[in-house]
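See structure below.
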Amino acid sequence: MTTLPPHNSTNTLPRTVPSRSVLAFVVSQAIVISVFGGVVWARMRSVDDVRKEPALVDAPRAIVPRHNVSEVVSDAQLKMVLQNLRPKFRRANPPINHVDHALRCWGAEVMFADPQFLSGDEMRRVLTDHGAFASVWGQKTRPLLIVKDQGIAVRTQQGQASASHVDHTLATLAECGTELQFPLHAVGRTATMRDLLRQAIETFELNQHEYEWTALALALYASDGRPWFNEDGERIDFDRLARRVMRQRYGQGVCYGNHRLYSLTILLRVDDEQDILSDVARREVRDHLAEATQILVRNQHADGYWDKNWHNLKADAKDEDMALGGPLPRRILATGHALEWWAMAPEELHPPRDTLIRAGQWLVREIDQMSDKSIADNYTFLSHAGRALALWRGETPATALQRLQSGAAQ
């Protein structure tokens, strides 16, 4: 009979000693888990640090003109142009894209002695206060400001009671100095400019249809060049924004690609004050704009204007382009936009002086001959032309007109 050992016996079962291969496996798995956990933690910390939006300042940067070339437009000529482009919108149903462009041209502080012209404050309130919007468009019109989960959006490309381009109103408000704490009054909600910007940031995609104005507004409010993440987890910084803007060929995009060139110019100007671009990306932007200048110089018409085919004269620019009403609106659009981004660009990116003078003088002649109806029909394009001419005198349209009406020479 087999006898079990006493309870206090020192006999034990044999102890199994792990092999070296098993120990190596355990250690390697621990390392993998540690590394993976570190990557996840770092990723979470990175997203948390960036906060899914760029670091912002409350007051947007004011990018001022640097050049004063009276040969482009004289005092007398500029006074005529600006008087013709005062915002005559004190009426029912003013097109929102006209109000939007007029506010960008004249600024939020402008006031006019003649009551038929809206002040800058009145124009901004139409865009930011549903009560003011409804007073000119009626209570039955769908609101311009839309309440969203992330913030406030502007109704876009849905007729004359809406904005014309994605984030165009956002960029306009930024360019006229609207602080992030500025109140916005939507139906059933009072918000701020920050909510409008946050909505644009949260929903921004690098491949969205229009991106020029989003990039412009972000640059004006950014306090540094740190990256951020959109709602899809895309890492975005100003290098990527600039390269996205440059990805399309010259001439492609809204207004024959000129808005892309203007946004790139503002990115350069902001980078002068606050590093938001890497050195490599900055050189790429400058090279892109320098090439655009060379193309424009080469393709300028003898009369001084450019058309929709400024980037390639072999491309057809038919007079029957009814979307803009014919060749004159097209040419004002292309010429005014080119002069506008050049006015804000460093001098090394400018064309020869003669190119600028012929373009400015062509605009002056054509605007001087336009009827009131033609000016009203083409106001959005003309606002860029008028702003460009004022910038070439080193002033905004509002300060220029005030000076010229007082009789002061410059």
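The values are calculated or read from the model by the stated rules, or taken from the named source; none is laboratory data. Computed from a predicted structure; not experimentally measured. As a convention, Cβ positions derive from the backbone with ideal geometry for all residues, glycine included, and neighbour counts pool all protein chains shown.
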ask   = Which ones in region 140-172 are of a type in the set (A, V, I, L, M) and assigned to a helix (DSSP H, G or I)?
value = 170, 171
ask   = Restricting the first residue to region 156-183 and requiring it to be free of Cβ contacts under 8 Å to residues at least 24 places away in the same chain, which pairs with a second residue that is crowded, with 20+ Cβ neighbours inside 10 Å and part of a helix (DSSP H, G or I) meet a Cβ separation below 8 Å and a spacing of at least six or different chains?
value = 156/168
message = Looking at 90, 104, 86 in this structure, which one is closer than 18 Å to residue 120 by Cβ, part of a helix (DSSP H, G or I), of a type in the set (D, E, K, R) and at pLDDT 95 or above?
response = 104
query = Pairs under 6 Å by beta carbon, first residue under 17 Å from residue 344 (Cα atoms) in region 258-284, partner buried (at least 22 other Cβ atoms within 10 Å of the Cβ) and acidic (Asp, Glu), six or more apart or different chains?
reply = 259/212; 260/212; 263/212
ask   = Has region 89-101 got at least one residue that is surrounded by fewer than 16 Cβ atoms within 10 Å (Cβ to Cβ), in contact with a helix residue (DSSP H, G or I) (Cβ under 9 Å, 6 or more places away or on another chain) and basic (Lys, Arg)?
value = yes
key: Criterion: surrounded by fewer than 20 Cβ atoms within 10 Å (Cβ to Cβ), modelled with pLDDT of 95 or more and either touching a helix residue (DSSP H, G or I) at 6+ places or on another chain (Cβ under 7 Å) or farther than 17 Å from residue 338 by Cα (or both) - qualifying residue of 239, 224   = 239
key: Filter pass, residue 181 being more than 16 Å from the chain's Cα centre (by Cα), within 24 Å of residue 396 (Cβ to Cβ), of a type in the set (S, T, N, Q) and at pLDDT 95 or above   = yes
note = Reported set for region 369-410 where residues are touching a residue at least 40 places away in the same chain (Cβ under 8 Å) and of a type in the set (Asp, Glu) is 377, 395
request  = State whether the residues of region 314-333 include one that is surrounded by 15 or more Cβ atoms within 10 Å (Cβ to Cβ), touching a Leu at 6+ places or on another chain (Cβ under 8 Å) and over 22 Å from residue 100 (Cβ atoms).
outcome  = no
key: Every residue from region 211-250 that is under 23 Å from residue 104 (Cα atoms), assigned to a loop (DSSP other than H, G, I, E, B) and either without any contact (Cβ under 8 Å) to a residue 12 or more places away in the chain or out of contact with any strand residue (DSSP E or B) (no Cβ under 9 Å at 6 or more places or on another chain) (or both)   = 211
Residue, surrounded by the most Cβ atoms within 10 Å (Cβ to Cβ), within region 125-139, restricted to residues that are small (Gly, Ala, Ser) and part of a helix (DSSP H, G or I) = 132
query = Would you say residue 220 is under 23 Å from residue 129 (Cβ atoms) and aliphatic (A, V, I, L, M)?
reply = yes
task = Scan region 140-183 for residues that are surrounded by fewer than 16 Cβ atoms within 10 Å (Cβ to Cβ), under 18 Å from residue 254 (Cα atoms) and among the polar types (S, T, N, Q) and report the count.
result = 3
query = Quick one: residue 190 ticks every box in (1) touching a residue at least 40 places away in the same chain (Cβ under 8 Å); (2) part of a strand (DSSP E or B) bar one, so which box is it?
reply = (1)
key: So residue 232, is it at pLDDT below 95 and either loosely packed, with under 14 Cβ neighbours inside 10 Å or on the phi > 0 side of the Ramachandran plot (or both)   = yes
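Residues are listed down the side, and each one gets a yes or a no for (1) within 15 Å of residue 348 (Cα to Cα); (2) surrounded by fewer than 15 Cβ atoms within 10 Å (Cβ to Cβ); (3) modelled with pLDDT of 95 or more; (4) of a type in the set (Asp, Glu):
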residue	(1), (2), (3), (4)
255	no, no, no, no
286	yes, no, yes, no
289	yes, no, yes, no
301	no, no, yes, no
request  = Considering only residues that are more than 11 Å from residue 148 (Cα to Cα) and under 19 Å from the mean Cα position of the chain (by Cα), look in region 184-199 and name the one that is surrounded by the most Cβ atoms within 10 Å (Cβ to Cβ).
outcome  = 197
query = Just checking, how many residues over region 365-388 are more than 21 Å from the chain's Cα centre (by Cα) and either assigned to a loop (DSSP other than H, G, I, E, B) or crowded, with 19+ Cβ neighbours inside 10 Å (or both)?
reply = 5
